[in-house]
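Chemist: Quick one: structure below, then a few questions.
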Amino acid sequence: MTPHTEHDTIDQLLALKPGMSTHAVRHEREKVVHATQGSEDGLFDPKLPGLTLIERLLAALLACQLTPALELAKVYQSRLESNGADPLTIRLVAQAELSQITDVRLKAILTFTHTLIIDPIRADKHALIALQQAGLSTPEVVTLAQLIAFVSYQVRLAAGLKAMKALEQK
């Protein structure tokens, strides 16, 4: 395993190891593996300006819960816990109890995440205006949309590889 793949979320999540057929298929195009992990690293870099790391991790957690991708949700929940996020907020998001979120900015972020995952046709001009009214800048809105798109890709990638791994183990 190369140093880069030692912290690869998908390989770790699915326990993919060299010598496994699913690992070999995934790593056939190493640049895609690196780009996937690189995108995650960039989107969840604590130094990324705009949305806080906690806001980004909460949006990712909610997206995983709604999809549902519970194993990946656990990854994001663990990151939230290790970064000192409020336990009550984590629980509310993990249960998709957005009505109980009192922070206006966070509620807008999570509502938009919910909309994009559950009913993307409603992620229209009005949904974007609601984000701006909650104090998000245009770059923050773009980051949020990119993050939700990435997590959706990550969920689908993990699901496909999990199915392949299950077939490999028969």
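The values are calculated or read from the model by the stated rules, or taken from the named source; none is laboratory data. Just so we're clear, the structure is a prediction, and the values are computed from it rather than from any experiment. Neighbour counts run over all protein chains shown; Cβ positions are idealised from the backbone, glycine included.
Chemist: Scan region 14-40 residue by residue and report those that are without any contact (Cβ under 8 Å) to a residue 40 or more places away in the chain, surrounded by 14 or more Cβ atoms within 10 Å (Cβ to Cβ) and under 19 Å from A145 (Cβ atoms).
Modeler: none
Chemist: Answer yes or no as to whether I129 is under 21 Å from F44 (Cα atoms), in a helix (DSSP H, G or I) and either more than 19 Å from the chain's Cα centre (by Cα) or touching a residue at least 60 places away in the same chain (Cβ under 8 Å) (or both).
Modeler: Considered against the rule, which asks whether it is under 21 Å from F44 (Cα atoms), in a helix (DSSP H, G or I) and either more than 19 Å from the chain's Cα centre (by Cα) or touching a residue at least 60 places away in the same chain (Cβ under 8 Å) (or both), I129 comes out as no.
Chemist: Between L147, L128, which is under 16 Å from L62 (Cα atoms) and out of contact with any Asp or Glu (no Cβ under 9 Å at 6 or more places or on another chain)?
Modeler: Of the residues listed, the single one that is under 16 Å from L62 (Cα atoms) and out of contact with any Asp or Glu (no Cβ under 9 Å at 6 or more places or on another chain) is L147.
Chemist: Looking at region 120-148, which of its residues are in contact with a helix residue (DSSP H, G or I) (Cβ under 8 Å, 6 or more places away or on another chain) and small (G, A, S)?
Modeler: A123, A127, A130, A134, G135, A145
Chemist: Take region 50-82 and flag every residue that is in contact with a Pro (Cβ under 8 Å, 6 or more places away or on another chain) and free of Cβ contacts under 8 Å to residues at least 60 places away in the same chain.
Modeler: Selection gives L53, E81.
Chemist: Can you find a residue that is at pLDDT below 95 and closer than 30 Å to V32 by Cβ anywhere in region 101-114?
Modeler: no
Here's the yes/no breakdown for (1) in contact with a helix residue (DSSP H, G or I) (Cβ under 9 Å, 6 or more places away or on another chain); (2) among the basic types (K, R); (3) farther than 24 Å from L13 by Cβ:
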| position | (1), (2), (3) |
| --- | --- |
| L70 | yes, no, no |
| Q77 | yes, no, no |
| P87 | yes, no, no |
| V93 | yes, no, no |
| R105 | yes, yes, yes |
| A108 | yes, no, yes |
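Chemist: Need pairs with beta-carbon distance below 8 Å; first residue touching a residue at least 12 places away in the same chain (Cβ under 8 Å) and assigned to a helix (DSSP H, G or I) and within region 135-161, second loosely packed, with under 14 Cβ neighbours inside 10 Å and not β-branched (V, I, T); sequence gap 6+ or separate chains.
Modeler: Pairs found: P139/P49; V141/Q132.
Chemist: Being part of a helix (DSSP H, G or I) and either touching a Cys at 6+ places or on another chain (Cβ under 8 Å) or modelled with pLDDT under 95 (or both) narrows it down to one residue among E28, E6; which is it?
Modeler: E6
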